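Taking it in order: structure first as structure tokens, then the write-up.
The values are calculated or read from the model by the stated rules, or taken from the named source; none is laboratory data. What you are looking at is a predicted structure, and each value in this text was computed from that prediction instead of being measured. Counting neighbours? That spans all protein chains shown, and the Cβs are built from the backbone with ideal geometry, glycine included.
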């Protein structure tokens, strides 16, 4: 079984809760705050699931800024990377889960195999930088307005990837 590391950035606890639920569904993946991300921890993982809550105008949660710089400077060849974000599709419908794009930009040129893109079908929002070619670059979740869809979305997302 692959060594899966889940890194999250969470201010209110929603993204942390999602990360821990994913770990449980995966049978006990390792979970860390993004502020704990370093080269050695990343090197020990075969698969990285990177998640952030989205703030303001589609911005990353604060713990991710240093971690994104670290990731951007690593060679992740041979590693699988998937992204997830928690946003608010009603209150911030014009920047829904924009943090996904910042995570994507941090890892897209590192040699990692990116996976876990999600169709925008079934989502209601106005705009998102996290949509490329009609798909979110990772799993977009809305714990504020669509919490009832979260578990099914997580299950479908995890099942869609070869972890």
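Quick one: would you say residue 102 is within 18 Å of residue 4 (Cβ to Cβ), in contact (Cβ under 8 Å) with a residue 40 or more places away in the chain, in contact with a helix residue (DSSP H, G or I) (Cβ under 8 Å, 6 or more places away or on another chain) and outside any loop (DSSP other than H, G, I, E, B)?
no
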Look at residue 125 and say whether it is surrounded by 16 or more Cβ atoms within 10 Å (Cβ to Cβ) and part of a helix (DSSP H, G or I). no
Could you tell me how many of the residues in region 135-152 are within 30 Å of residue 42 (Cβ to Cβ) and either outside any loop (DSSP other than H, G, I, E, B) or out of contact with any helix residue (DSSP H, G or I) (no Cβ under 7 Å at 6 or more places or on another chain) (or both)? 9
Out of (1) in contact with a strand residue (DSSP E or B) (Cβ under 8 Å, 6 or more places away or on another chain); (2) under 23 Å from residue 143 (Cα atoms); (3) outside any helix (DSSP H, G or I), the one residue 45 does not meet is (2)
Could you tell me which numbered condition residue 51 fails, if it satisfies all but one of (1) under 28 Å from residue 155 (Cβ atoms); (2) loosely packed, with under 15 Cβ neighbours inside 10 Å; (3) at pLDDT 95 or above? (2)
What tally of residues in region 111-122 results from selecting those that are in contact with a strand residue (DSSP E or B) (Cβ under 7 Å, 6 or more places away or on another chain) and either surrounded by 20 or more Cβ atoms within 10 Å (Cβ to Cβ) or in a loop (DSSP other than H, G, I, E, B) (or both)? 5
Residues being in contact with a strand residue (DSSP E or B) (Cβ under 7 Å, 6 or more places away or on another chain) and within 19 Å of residue 153 (Cα to Cα) - total across region 92-110: 5
Please indicate, with yes or no, whether at least one residue in region 72-93 is part of a strand (DSSP E or B) and surrounded by fewer than 20 Cβ atoms within 10 Å (Cβ to Cβ). no
Kindly indicate the residue of region 14-42 that is touching a strand residue (DSSP E or B) at 6+ places or on another chain (Cβ under 6 Å) and in a strand (DSSP E or B) and also surrounded by the most Cβ atoms within 10 Å (Cβ to Cβ) among those meeting that condition. 31
Working only within region 52-70, note down all residues that are in contact (Cβ under 8 Å) with a residue 60 or more places away in the chain and either in a strand (DSSP E or B) or touching a strand residue (DSSP E or B) at 6+ places or on another chain (Cβ under 8 Å) (or both). 67
